[in-house]
Amino acid sequence: MTSQFDGMAALHERSIDELPFRRHIEMPSVLAAAGGVEGRRVLDLGCGSGLYARFFARNGAAGVLGVDRSPGLIAHARHREEVEPLGVRYLVHDEATTDTLTGAFDLAVSVYALSYAATPAALARLCAAARATLAPGGRFVAATLNPDFATVPHYYRPYGFDLTVADPHLCDGDPVGLHARADGESFQVTAYYWSREAHERALTEAGFTEVAWQSPRTAADGSASLFARYLAAPHVLAVSARVPGDSSPR
Ligand SMILES: C[S@@+](CC[C@H](N)C(=O)[O-])C[C@H]1O[C@@H](n2cnc3c(N)ncnc32)[C@H](O)[C@@H]1O
């Protein structure tokens with residue numbers, strides 16, 4: 001199984017510098033929605049080149065596994081682990097549905113993978129896969145395309161990317177073009193629009209409770225004023241959900 005992201009490892013890595021909202025808003029927001037990662041067993045579902053998997057390891061996670069269906073991105077992530085060992089393991093896997101992952105994690109995080117589910121069934125499978133990997137009381141945090149992102153043309157261009165839609169009255173499953181430049185190269189991928197209700201349905205049907213949308217956080221580095229326009233209509237939001245039951249004492 002390959003993905004539209006194969007061959008994009010270098011671009012993924014550069015995106016953290018060339019798309020500054022990632023470092024200044026997205027990462028602090030994901031970490032806050034997760035309630036921190038220290039001492040927790042973390043799965044990064046759709047880990048890409050391993051940006052978040054490494055971030056979680058550096059922030060004190062008890063163990064991190066990154067899974068992605070793109071062999072090219074996992075090869076890159078493994079290479080980074082060889083160069084800078086952080087104890088992160090990586091697996092090529094579509095949706096992490098293997099028995100070996102069942103119930104093994106306290107926290108599953110998925111940054112942008114839900115937005116690339118092209119059908120309701122694919123969205124449901126990703127949520128079900130995240131659910132299956134979590135222990136009782138475990139938490140799932142997904143950074144996903146904000147259902148209320150700005151459809152005004154070039155709204156996000158000051159932040160390094162464009163989102164394009166055929167019709168601003170979006171329906172579930174409509175394609176959304178993401179075009180950005182990083183490292184002098186331009187890249188274009190197709191994401192899919194999912195409403196709040198579609199996300200909530202997929203999460204609830206997967207067996208999650210306490211589904212909650214989180215407002216974006218900014219890094220405590222004085223950069224918030226640079227992102228005022230972005231924050232008025234962020235293109236990504238974190239949604240979190242919990243597996244019923246008590247977390248086992250660790
Ligand atoms: C936009 S990339 C984000 C990568 C990484 N999370 C990051 O933030 O840099 C989305 C990733 O999700 C992966 N992905 C999408 N659907 C998946 C699935 N069903 N199973 C495993 N990986 C998936 C893609 O291969 C891709 O690497």
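Among the candidates ALA122, ALA135, the residue that is part of a helix (DSSP H, G or I), out of contact with any Leu (no Cβ under 7 Å at 6 or more places or on another chain) and more than 19 Å from PRO234 (Cα to Cα) is uniquely ALA122.
Matching residues to (1) at positive phi; (2) buried (at least 20 other Cβ atoms within 10 Å of the Cβ):
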position: PHE55; (1), (2): no, yes
position: GLY60; (1), (2): yes, no
position: LEU73; (1), (2): no, yes
position: HIS79; (1), (2): no, no
position: PRO85; (1), (2): no, no
position: ARG89; (1), (2): no, no
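One residue is enough: does the stretch 143-158 have a residue meeting the conditions assigned to a helix (DSSP H, G or I) and open to solvent by 20 Å² or more (accessible area, probe 1.4 Å)?
Yes, some residue in the stretch 143-158 is assigned to a helix (DSSP H, G or I) and open to solvent by 20 Å² or more (accessible area, probe 1.4 Å).
Checked against the criterion of being in a helix (DSSP H, G or I) and either over 24 Å from ALA132 (Cβ atoms) or of a type in the set (D, E, K, R) (or both), the candidates ALA75, ALA53, ALA57 yield just one match: ALA75. In the set SER110, SER115, only one residue is assigned to a helix (DSSP H, G or I) and within 9 Å of the ligand (Cβ to nearest atom); that residue is SER115. Of the numbered criteria (1) open to solvent by 10 Å² or more (accessible area, probe 1.4 Å); (2) near the ligand (Cβ under 9 Å from one of its atoms), the one GLY48 fails is (1).
I'd like to know if the stretch 88-105 contains one or more residues that are among the acidic types (Asp, Glu), within 20 Å of ALA241 (Cα to Cα) and within 12 Å of the ligand (Cβ to nearest atom). There is at least one residue in the stretch 88-105 that is among the acidic types (Asp, Glu), within 20 Å of ALA241 (Cα to Cα) and within 12 Å of the ligand (Cβ to nearest atom).
Taking the condition among the charged types (D, E, K, R) and crowded, with 16+ Cβ neighbours inside 10 Å, does ARG229 pass?
no
Do we have any residue at all in the stretch 13-20 that's open to solvent by 20 Å² or more (accessible area, probe 1.4 Å) and under 13 Å from the mean Cα position of the chain (by Cα)? Checking the stretch 13-20: not a single residue is open to solvent by 20 Å² or more (accessible area, probe 1.4 Å) and under 13 Å from the mean Cα position of the chain (by Cα). Test each condition in (1) closer than 22 Å to THR102 by Cα; (2) touching an Asp or Glu at 6+ places or on another chain (Cβ under 6 Å); (3) open to solvent by less than 50 Å² (accessible area, probe 1.4 Å) for ARG242 and report the one that comes out false. Result: ARG242 passes all but (3). Being in contact (Cβ under 8 Å) with a residue 12 or more places away in the chain, part of a helix (DSSP H, G or I) and either among the charged types (D, E, K, R) or farther than 18 Å from TYR112 by Cβ (or both) is a condition met by no residue of the stretch 210-218. If you filter the stretch 62-71 down to residues that are of a type outside the set (S, T, N, Q) and part of a loop (DSSP other than H, G, I, E, B), you find that the one that is surrounded by the most Cβ atoms within 10 Å (Cβ to Cβ) is ARG69.
The values are calculated or read from the model by the stated rules, or taken from the named source; none is laboratory data. This is a predicted model, so every value here is computed, not measured. In this analysis, Cβ positions are derived from the backbone assuming ideal geometry, glycine residues included, and neighbour counts consider all displayed protein chains. What goes into the accessible areas is simple: the full protein's heavy atoms, side chains included, and nothing from ligands, DNA or RNA. Shrake-Rupley method; radii C 1.70, N 1.55, O 1.52, S 1.80 Å.
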